[in-house]
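Colleague: Once you've had a glance at the structure underneath, I'll fire off some questions.
The values are calculated or read from the model by the stated rules, or taken from the named source; none is laboratory data. Note that the coordinates shown come from a computational prediction; the quantities given were computed from them, not determined experimentally. Virtual Cβ from ideal backbone geometry, glycine too; neighbours counted across all protein chains shown.
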Amino acid sequence: MIRKRLQVAFTNPTPSLLQTAFPSHSVLHEYTSDHLIIKVKVSDLVQAPIMNWQYNRPADTSRCEEIAKYIYRSKKPVDTMLYLSLNQKTNQFDMIDGIHRYTALLHIKKQIDELDFVTNAFGTDPCDWLFISYIILNIRLNATDGELVELFQSLNKSNPIPELYVRDVKKDKRDCVEHVCHNWQSMYKTHFSASNKPQKPNINRDRFIDVLDAVYDKLHLTEETKGKLEQSLQRTNVHISQNLPKLTKSIKEKCEITGCWLFIYTPEELVKML
């Protein structure tokens, strides 16, 4: 329904667009008529037509769940700014920066709607305090792709984005890398950390994508030969398990339990081995 109203609002002035998507909004600052800082209720945000920007990395599920739990348990205002851009081709807003925080809020709403997050995890709080609170949005209404890429790279300097998401690559490569990454995250969930600098024998999702991206190129894979990426991971995992370097007792015990040995090596070492 909101998206249909947006289609009509596209022919109207900016205030109409914002009022349609975010009824509770108020403008805090106007850089230009196409670049605004607004505040909106969280309840509006989680119902607005928002998608991840095409060049942005997908949300890391484990990281989003951790953020959601922190928000719920701390009961503090979501003190952050999300960056969005109006996409006039899709009649929705693209999330340029903040996809993990935004997805965490969606996760809370979903779990509450399903009577699971609250009743099974933390109690009986329906989170009204969260949904009536305000969050800050930095919104661009007519930005070019080049302007958004520049913004995206500037915002992520402190936490490097996998190269896969900032260069022009074929969709089949991206799909392959994300599919393999998802499989390994599902099989070896305890080895994936939300930390920017995880300790061995763990890795975070973004650095694993960097590894897969580099190995895909190293093996000169194509749509027809992409299965070799998974085969290389499995073969190397077995090789490592049979040729162990010196490990601490805790690392060895964890890997013996899970059967995952890859991440006793650094991402750089793995690219050379695979």
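Colleague: Using the structure shown, decide if V211 is over 24 Å from I257 (Cα atoms) and either surrounded by fewer than 16 Cβ atoms within 10 Å (Cβ to Cβ) or in the same structural domain as T258 (by TED's automatic domain parsing) (or both).
Modeller: No, not satisfied.
Colleague: I'd like the residue in the stretch 52-110 that is hydrophobic (A, V, I, L, M, F, W, C) and over 14 Å from the mean Cα position of the chain (by Cα) and, out of all such residues, is surrounded by the fewest Cβ atoms within 10 Å (Cβ to Cβ).
Modeller: Here the answer is M81.
Colleague: List the pairs whose first member sits in the stretch 170-191 and is in the same structural domain as K226 (by TED's automatic domain parsing), whose second member is surrounded by fewer than 16 Cβ atoms within 10 Å (Cβ to Cβ), and whose Cβ atoms are under 6 Å apart, counting only residues at least 6 apart or on separate chains?
Modeller: Listed pairs, sorted by first residue: D172/E223; V180/E230; Y188/T258.
Colleague: Restricted to the stretch 19-51, and to residues that are assigned to a helix (DSSP H, G or I) and of a type in the set (G, A, S), which residue is surrounded by the fewest Cβ atoms within 10 Å (Cβ to Cβ)?
Modeller: Restricting to residues being assigned to a helix (DSSP H, G or I) and of a type in the set (G, A, S), the top hit is S43.
Colleague: If you don't mind, there's one more thing I want to ask. Output the qualifying pairs, or none if there are none: Cβ atoms under 6 angstrom, residues six or more apart or on different chains, first residue in the stretch 72-87 and in the same structural domain as V40 (by TED's automatic domain parsing) and touching a residue at least 60 places away in the same chain (Cβ under 8 Å), second residue of a type in the set (A, V, I, L, M, F, W, C) and surrounded by 14 or more Cβ atoms within 10 Å (Cβ to Cβ).
Modeller: Here the result reads Y83/I96; S85/I96; S85/A143; S85/L148; L86/F93; L86/L141, each pair linking the stretch 72-87 to a residue that is of a type in the set (A, V, I, L, M, F, W, C) and surrounded by 14 or more Cβ atoms within 10 Å (Cβ to Cβ).
Colleague: Do we find that S154 is surrounded by fewer than 12 Cβ atoms within 10 Å (Cβ to Cβ), in a helix (DSSP H, G or I) and at pLDDT 85 or above in this structure?
Modeller: No, not satisfied.
Colleague: Got a number for residues in the stretch 248-273 being surrounded by fewer than 19 Cβ atoms within 10 Å (Cβ to Cβ), hydrophobic (A, V, I, L, M, F, W, C) and in contact (Cβ under 8 Å) with a residue 24 or more places away in the chain?
Modeller: Going through the stretch 248-273 one residue at a time, the tally reaches 3.
Colleague: For the structure I just gave you, tell me whether T222 is β-branched (V, I, T), within 20 Å of C176 (Cβ to Cβ) and not in a helix (DSSP H, G or I).
Modeller: yes
Colleague: Just wondering, is there one or more residues in the stretch 249-267 that are small (G, A, S) and either touching a Lys or Arg at 6+ places or on another chain (Cβ under 8 Å) or farther than 21 Å from S193 by Cα (or both)?
Modeller: No, because not a single residue in the stretch 249-267 is small (G, A, S) and either touching a Lys or Arg at 6+ places or on another chain (Cβ under 8 Å) or farther than 21 Å from S193 by Cα (or both).
Colleague: OK, next. Which of the following residues is over 27 Å from the mean Cα position of the chain (by Cα) and either of a type in the set (A, V, I, L, M, F, W, C) or outside the structural domain of K69 (by TED's automatic domain parsing) (or both): N204, N237, N243?
Modeller: Just a single option satisfies the conditions, and that option is N243.
Colleague: Moving to a separate point now. Under 6 Å by Cβ, and 6 or more places apart or on different chains, what pairs join a residue from the stretch 40-65 that is at positive phi and of a type in the set (G, A, S) with one that is at pLDDT below 95 and not in a strand (DSSP E or B)?
Modeller: Close Cβ pairs satisfying both conditions: none exist.
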